[in-house]
Amino acid sequence: MYVTSSDEIIFASGLRAAREGRYQDAFDMWKPLAEIGHQQAQRNVAYLMYLGLGVARDPAQAADWLARAETVPKDDPVAVFRTIDRLAAAGARPSAVFARAF
């Protein structure tokens, strides 16, 4: 996949939206990028879908997007979700997770 500078501007705008708690806006920016193969957007779409931020919670779809991102072994997307769950249990706000990891 060839990432253009326009794609990166859109991705960065999605990060800003997510950090501000505007998850639906972030999802709307990242989903088209994810569909064309932008790995970071795929991972972030998975995160939003897993937690139900800005979209309906859908762990199965989240696992599919995470596998597409190839940022984790395809047979272990659950490991990333365990990390997300640990962060949530420790009281991390989703916007803090985006600031650090995404």
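The values are calculated or read from the model by the stated rules, or taken from the named source; none is laboratory data. Fair warning: this is a prediction, and the values are worked out from it, not measured in the lab. FYI the Cβ positions are ideal-geometry reconstructions off the backbone, even for glycines, and counts take in every protein chain you see.
Residue-by-condition table, conditions (1) among the charged types (D, E, K, R); (2) surrounded by fewer than 17 Cβ atoms within 10 Å (Cβ to Cβ):
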residue: Ala12; (1), (2): no, yes
residue: Asp25; (1), (2): yes, yes
residue: Ile36; (1), (2): no, yes
residue: Ala41; (1), (2): no, no
residue: Leu51; (1), (2): no, no
Could you grab me the full set of residues in region 1-10 that are loosely packed, with under 15 Cβ neighbours inside 10 Å and of a type outside the set (A, V, I, L, M)? Tyr2, Thr4, Ser5, Ser6, Glu8
Can you find, within region 53-64, the residue that is surrounded by the most Cβ atoms within 10 Å (Cβ to Cβ) among those that are over 16 Å from Gly14 (Cα atoms) and in contact with a helix residue (DSSP H, G or I) (Cβ under 6 Å, 6 or more places away or on another chain)? Ala62
Would you mind telling me which numbered condition in (1) at pLDDT below 95; (2) surrounded by 21 or more Cβ atoms within 10 Å (Cβ to Cβ) Met29 fails? (1)
